Structures are given as C-alpha cells and as structure tokens.
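Participant: Structure provided below as structure tokens; questions to follow.
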Amino acid sequence: MSLPGLLSFTEQAGSRFQVVDRSSPLELKLTRVVEHSKTENNEAFSAFFLGPLDPFMPQGTRTLRHDQFGEMDIFLVPVAKTNIGFEYEAVFNYVLSK
C-alpha cells in the first residue's frame, strides 16, 4: 500500500495512530496537517502528531497503525514539548501517481 496523500491525512485530523514498533504501546493523535506545496505532479506537506510526555520518542522511523490507513513506516521528528505532551512532525514530499 502506498502512503496516504495530503487530502487523506487532512480528512483524518483528530484521529489516533498506534506506534507498533515499541515494546510498550504508544498512541499519537494527528493534530493538524500543513500543506507546503502542491502541483499537478507532486505534493509536500507536514503531519503533526501529539504524543504523551512519557515516554519521549527520539527522531526515527516508526511503524504506525491507523484504522483507515493500516500500517505504514513514517520518519517522525520531535519538534515541540507542551504541557500535555510532545509534538512530532512527519514531512512528506513525493511525486503524485498518474
């Protein structure tokens, strides 16, 4: 399965993702999607996820599971710490299939 695109992620804002490549379960909430650019041939956007304060996840590729998307490997980078958890960003930039 290919990775979902900008529209698919935007439609799932507010939904939950499970990090499945960890010894203990961890849930992330997709909080927002920011479009960087979109043309006829490609699109670039960021998806932001909110996770708990503990445990902290350093940047790296994680396997995420979602009810609509199934499992996917995504590179997540911690970008902010709030009073309720850590925010992680995944940046997507790819050629659209025709």
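Participant: Under a point spin-label approximation (7 Å from Cα along Cα-to-Cβ), what is the GLU89-ASP73 distance to one decimal in nm?
Facilitator: Output for this residue pair reads 2.3 nm.
Participant: Which net charge results when you count Lys and Arg as +1 and Asp and Glu as -1 among the other residues whose beta-carbon is under 11 Å from that of VAL20?
Facilitator: Surrounding charge for VAL20 is -1.
Participant: Could you please report the charge total around THR31, scoring K, R as +1 and D, E as -1 over all other residues with beta-carbon less than 12 angstrom from its beta-carbon?
Facilitator: Once all neighbours under 12 Å are counted, the net charge is +1.
Participant: If you don't mind, there's one more thing I want to ask. So what's the gap between the Cα centers of the range 5-28 and the range 31-68, to the nearest angstrom?
Facilitator: 8 Å
Participant: Picking from THR39, THR31, THR61, which is most flexible by a Gaussian network model of the chain using Cα springs under 10 Å?
Facilitator: Top of the fluctuation ranking is THR39.
Participant: About the Cα centre of the chain, what is the dipole size in debye to 20, counting +1 per Lys and Arg Cβ and -1 per Asp and Glu Cβ, all else neutral?
Facilitator: Rounded to the nearest 20 debye, it is 100 debye.
All of the numbers you see were taken from the coordinates with simple rules; none came from a lab. As the structure is a computational prediction, the values presented were derived from the model and not from experiment. Counting neighbours? That spans all protein chains shown, and the Cβs are built from the backbone with ideal geometry, glycine included.
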